[in-house]
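Asks: Quick one: the structure is below, questions incoming.
The values are calculated or read from the model by the stated rules, or taken from the named source; none is laboratory data. This is a predicted model, so every value here is computed, not measured. We place every Cβ from the backbone using ideal geometry, glycine too, and count neighbours over all the protein chains shown. Quick note on the areas: whole protein, heavy atoms, side chains included, nothing else; ligands and nucleic acids left out. Shrake-Rupley method; radii C 1.70, N 1.55, O 1.52, S 1.80 Å.
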Amino acid sequence: MTSNTSPVKNFLAGGFGGVCLVAAGHPLDTIKVRLQTQPTPPVYSGTFDCAKQIVMKESVFGLYKGMFAPILGVTPMYAVCFLGYGIGKKLQQPAANGEYGPAQLFAAGMVAGVFTTGIMAPGERIKCLLQIQASSTGPPKYAGPWDCAKQIYREAGLFRGLYRGTMATLLRDVPASGMYFMSYEMLKKAITPEGRTPDQLSPARILFAGGMAGIFNWMVAIAPDTLKSRYQTAPEGTYSGIRQVFVEMVRKEGFGALFKGLTPVMIRAFPANAACFLGFELAMKFLNWIAPNL
């Protein structure tokens with residue numbers, strides 16, 4: 001991802017990378033949300049018990065519930081994310097050799113996090129509600145993503161409904177995106193063989209750098225993500241805001257509750273984000289080949 005890459009190519013290649021990420025990682029995301037939002041006493045004893053119960057009760061397709069919403073959202077979301085990252089870099093002055101330092105890369109990544117929140121917040125709200133409804137008793141409330149979105153909008157409107165949890169999403173994505181892009185760029189540089197450039201890395205090295213970037217991203221994001229999931233899936237009026245979610249979770253369940261779902265997150269983080277960055281890099285090479293002057 002060089003500083004002179006066109007915004008159009010960043011946008012298109014980022015969208016393709018996002019589709020690759022969802023396809024690789026959604027089943028473990030479903031497990032994560034189920035663990036984060038399960039009642040007390042818990043329904044699942046851990047990651048593998050959760051996966052087993054979902055498959056036994058809902059078939060393997062239960063792991064893919066709610067995937068349509070992120071698939072619809074990831075193309076513009078990751079397109080905007082990579083576009084925002086490119087803009088974040090352009091807003092800063094690189095060193096004389098054209099390279100950006102770690103702090104500059106982190107700042108550019110935070111810009112990407114701000115860019116994606118407008119798309120991410122409603123998509124996350126819909127996804128989480130669809131992911132948890134199958135674990136509840138009684139008939140499902142929502143027939144699918146569109147029905148879920150319509151019911152939320154009808155019941156609570158745009159900002160109190162679909163965009164509920166926007167500040168929590170910002171709290172998660174701004175620092176996590178900074179870590180995401182900084183670690184990817186720094187790892188690419190670190191594993192580049194002598195005499196070559198990061199743009200010439202093999203697919204295996206790109207997969208490694210992208211996968212590790214995903215792990216570093218979630219090390220920062222997991223606690224605010226748990227708060228966000230609780231807030232977005234709680235009945236209307238349960239919490240006054242994200243601060244109350246934090247206070248009540250820690251008081252009732254301890255600080256460890258903030259890290260519920262950590263195991264599936266970390267299992268998912270490497271392959272999903274490896275797929276994302278490899279998809280991005282391959283799409284970028286293809287775009288440079290068919291439209292070198294774009």
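Asks: Within a Cβ distance under 15 Å of residue 208, other residues only, what is the Lys/Arg minus Asp/Glu net charge?
Replies: +1
Asks: Using the alpha carbon gyration tensor of segment 44-175, what are the three equivalent-ellipsoid semi-axes (square root of 5 times each eigenvalue), largest first, in whole Å?
Replies: Value: 35, 19, 12 Å, ordered largest first.
Asks: Continuing with the same structure: How big is the equivalent ellipsoid of segment 1-94 along its three axes, where each semi-axis is √(5λ) from the Cα gyration tensor, reported in whole Å from largest to smallest?
Replies: Values for segment 1-94, descending: 37, 14, 9 Å.
Asks: Net charge around residue 252, counting only other residues with Cβ within less than 13 Å of its Cβ (Lys, Arg = +1; Asp, Glu = -1)?
Replies: Local net charge: +1.
Asks: To continue, here is another question. Counting only Cα atoms, I'd like the Rg/Rh figure for segment 190-261, Kirkwood definition for Rh. Intermediate results must be reported in sequence, preceding the final value.
Replies: Working: Rg = 19.2 Å, Rh = 15.0 Å.
Result: Rg/Rh = 1.28.
Asks: Shifting gears a bit: Using a 1.4 Å probe on the protein heavy atoms only, what accessible surface does residue 219 show? Give it in Å² to the nearest 10.
Replies: Roughly 120 Å² of residue 219 is accessible to a 1.4 Å probe.
Asks: Hey, could you get me the Stokes-Einstein D for segment 162-294, Kirkwood radius over alpha-carbon pairs, 10 °C and 1.306 mPa s, rounded to whole µm² s⁻¹?
Replies: Once the numbers are plugged in, D ends up at 95 µm²/s.
Asks: Heavy-atom accessible area per residue, the chain, 1.4 Å probe: how many Å²?
Replies: Here the residues of the chain average 47 Å² of exposed surface.
Asks: Which entries of 65/285; 65/189; 57/150 show an alpha-carbon separation above 30 angstrom in the structure shown?
Replies: Violating the 30 Å Cα-Cα cut-off are 65/285; 65/189.
Asks: Give me the tail of P(r) for segment 150-207 as a percent: Cα-Cα pairs with distance above 16 Å.
Replies: Tail of P(r) above 16 Å: 62 percent of Cα pairs.
Asks: A further question follows. Run the helix sum for the chain: -39,500 (n - 2.57) per DSSP H stretch of 4+ residues, divided by residue count, reported at 222 nm to the nearest 500 deg cm²/dmol.
Replies: -24500 deg cm²/dmol
Asks: Something else now. Could you tell me the distance between the Cα centroids of segment 70-86 and segment 205-280, to the nearest Å?
Replies: Going from one Cα centre to the other spans 19 Å.
Asks: Where q = 0.13, 0.21, 0.25 Å⁻¹, what log10 of I(q)/I(0) comes from the Debye formula for segment 245-294, counting one point per Cα?
Replies: -0.55, -0.77, -0.87
Asks: Using a Gaussian network for the chain with springs between C-alpha atoms less than 10 Å apart, which of these wobbles most: 202, 177, 229?
Replies: Largest GNM mean-square fluctuation: 202.
Asks: Quick one: with all protein chains in place, what share of the accessible area of segment 167-294 is carbon or sulfur, to the nearest percent (1.4 Å probe)?
Replies: Solvent-exposed carbon and sulfur of segment 167-294 make up 66 percent of the total.
Asks: Further question: Of 89/228; 9/90; 9/188, which pairs sit farther than 18 Å apart, going by alpha carbon to alpha carbon?
Replies: Over 18 Å Cα-Cα: 89/228; 9/188.
Asks: For the chain, would you read off the P(r) tail past 25 Å as a percentage of all alpha carbon pairs?
Replies: 47 percent
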